[in-house]
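Written below as C-alpha cells is the structure these notes are about.
The values are calculated or read from the model by the stated rules, or taken from the named source; none is laboratory data. This one's a predicted model, so the numbers in the text were calculated from it and none came from an experiment. Glycine gets a Cβ as well: all are built from the backbone with ideal geometry, and neighbour counts include every protein chain shown.
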Amino acid sequence: MKKYLIFLGVLFLMISCAEEVSFNTPSLQGRKDNVFWRATASKATLASDGSLVIEGFTGNEVLTLKTTSISPQVYPLGTSNSKTAVYVLTGGSDFSFATGIDMGSGQIVITDYDEKGLTVTGTFKFSAENANGNPSAGTVLNFQQGVFYKVPVSLRVP
C-alpha cells in the first residue's frame, strides 16, 4: 500500500509540473501613448517596386508601416510620402494619425530580412499627426519601443 501511495505521489508531481510555453511569433508591438499595444495579427507585403508595407491589426485598429525597400537600414519618417506610419481606429469615433512630408517624425529600422523564410524583423518609433481633424482624437499619437519580429512577407500580385 505504501508503494502505491509513493507511486501516486510521484506521478502527481510529474503531471503537475508541466510547463505551458507559448511563443509570440510573428509579433508587432510597441508603446502607444505610453500604453503597451500588441497586434493580434500581422503581415507584410512586398510590392513589385521593392517597397514594403507592414501591417498590424487588432479588433478595430490598423497600424501600417511603409518603407521604400526591404534592405536593412534606417528609414526616416516625416520626410516623404514613400516612407510612412499610419494608425487608424474605426468603430464609433473614427480617426487616423499619419506621417508624411513635413508631417510627424520618427523612424522604421529594418534589422533583418530573411529571404529564405520570407520574414522581416526590425524596430520603429514615431509621432504621427491627426490626419482627419477629429478633435476628440488629440493632435499627436506617439509610438515608442516598437518592434516587428519575423512578420511573414508575401509578394503583392499586380
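For segment 33-44, the set of residues classified as touching a Leu at 6+ places or on another chain (Cβ under 7 Å) and either part of a strand (DSSP E or B) or closer than 16 Å to Thr90 by Cα (or both) consists of Ala39, Ser42, Ala44, listed by residue number. List pairs: first residue in segment 95-113 and over 28 Å from Ser136 (Cβ atoms), second residue among the aliphatic types (A, V, I, L, M) and not in a strand (DSSP E or B) anywhere in the structure, Cβ distance under 7 angstrom, at least six positions apart or on different chains. Every condition considered, the pairs that remain are Ile110/Ile70; Tyr113/Ile70. For Thr139, the requirement of being under 21 Å from Gly100 (Cβ atoms), surrounded by fewer than 18 Cβ atoms within 10 Å (Cβ to Cβ), polar (S, T, N, Q) and modelled with pLDDT of 95 or more is not met.
Filter segment 111-144 down to residues that are assigned to a strand (DSSP E or B) and among the charged types (D, E, K, R) and give me whichever is farthest from Ser69 (Cα to Cα). This residue is Glu129. In summary, Phe126 fulfils each of the numbered conditions (1) among the aromatic types (Phe, Trp, Tyr); (2) under 16 Å from the mean Cα position of the chain (by Cα); (3) farther than 16 Å from Leu28 by Cα with the single exception of condition (3).
Taken together, the residues in segment 89-100 that are surrounded by fewer than 17 Cβ atoms within 10 Å (Cβ to Cβ) and modelled with pLDDT of 95 or more amount to 0. Taken over segment 68-77, the criterion of being buried (at least 16 other Cβ atoms within 10 Å of the Cβ) and touching a residue at least 40 places away in the same chain (Cβ under 8 Å) is satisfied by Ile70, Leu77.
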